[in-house]
Amino acid sequence: MAFKRIPSPVAHVFLDFDYTLVPEESTIQILQYALEHHPGASHIKTLIKKMGPKTSADQIEGSEIWTLVKAATYLRWKHVQRYVEKIKLEIHPFVPALFEQLHAKSIQTYILSAAFKEWIQPIALQWGVEGQYVMANRFVWFGNRSLAYRPSTLLMKGKSNYLKTWLPQSQIQGPVIMVGDSTSDYKVYQKGLAQAFISADYYTPKPLDSSIMPSETIKRVERPEDLLEQIMMALEAI
């Protein structure tokens, strides 16, 4: 697939990664890889598994953040490579087709994720999404070893606060649509940073509660292959 910037996009679509483009919580999975051969880290591994559903919902508590920080020190580049090769086999055919069709319609696509650019970017490149359009967290590396999480607005304050600064600086023109499965994705719309929100309900084990999303602008997608149609319908309604 050719990697190119959309010269004059008619709209901008931001897509979450975990449970939207891939069928799992990628950070939890990759940290499990990093911990699996360390018997002394079994307690951390158990805690990581339990907090999985919280990571995409902005519900991580202070003590749990420390657990994630500790787990990150076990991460090696080989674990990233292992995960990339594994998840490539599990990605639904709708994903590359979605990006190709959106680009063909002059719609600029972005990946906005609380996961990490180290494994999102090599996958996104296959979908025609260049690195500058992948907005995700990063690790600090010493050779092939991760030392810590790299501090950032996205990591510390979430997606909506990140876009609150990024959107005015980018000076993009045209409507913005947010697609995702979690409350952190919904907040982008709730805080007026996107004109529409599409709830990706097809992978997440716990779809968003309808009571927190009263607007008619919000659409739900129960099958991944229906996402393109919902995006186009949302654009027509804006």
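Condition first: of a type in the set (Val, Ile, Thr) and either closer than 30 Å to ARG76 by Cα or at pLDDT below 95 (or both). Can you find one or more residues in region 220-236 that meet it? The answer is no; no qualifying residue exists. So, of the residues in region 67-84 that are modelled with pLDDT under 95 and in a helix (DSSP H, G or I), which turns out to be surrounded by the fewest Cβ atoms within 10 Å (Cβ to Cβ)? Only one residue tops the list, namely VAL69. Only residues that are farther than 21 Å from MET135 by Cβ and surrounded by fewer than 14 Cβ atoms within 10 Å (Cβ to Cβ) were counted across region 98-109, and they come to 1.
Taken residue by residue, region 195-207 has at least one member that is exposed (fewer than 13 other Cβ atoms within 10 Å of the Cβ) and more than 19 Å from GLN101 (Cα to Cα).
Condition first: in contact with a Leu (Cβ under 6 Å, 6 or more places away or on another chain), of a type in the set (Val, Ile, Thr) and modelled with pLDDT of 95 or more. Can you find one or more residues in region 172-185 that meet it? Checked against the condition, which is being in contact with a Leu (Cβ under 6 Å, 6 or more places away or on another chain), of a type in the set (Val, Ile, Thr) and modelled with pLDDT of 95 or more, region 172-185 yields at least one hit.
Rundown of residues vs (1) surrounded by fewer than 20 Cβ atoms within 10 Å (Cβ to Cβ); (2) modelled with pLDDT under 95; (3) not in a helix (DSSP H, G or I), yes/no style:
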position	(1), (2), (3)
ALA34	no, yes, no
PRO53	yes, yes, no
SER56	no, yes, yes
ILE65	yes, yes, no
LYS86	yes, no, no
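Selection over region 182-238 of residues that are aromatic (Phe, Trp, Tyr) and part of a loop (DSSP other than H, G, I, E, B) gives a count of 2.
The residues listed here are PHE3, PHE14; of these, the one that is of a type outside the set (Ser, Thr, Tyr) and at pLDDT 90 or above is PHE14.
The values are calculated or read from the model by the stated rules, or taken from the named source; none is laboratory data. Bear in mind the structure is a predicted one, so any value in this text is a computation, not a measurement. Every residue, glycine among them, receives a Cβ derived from its backbone with ideal geometry; neighbour counts consider all protein chains shown.
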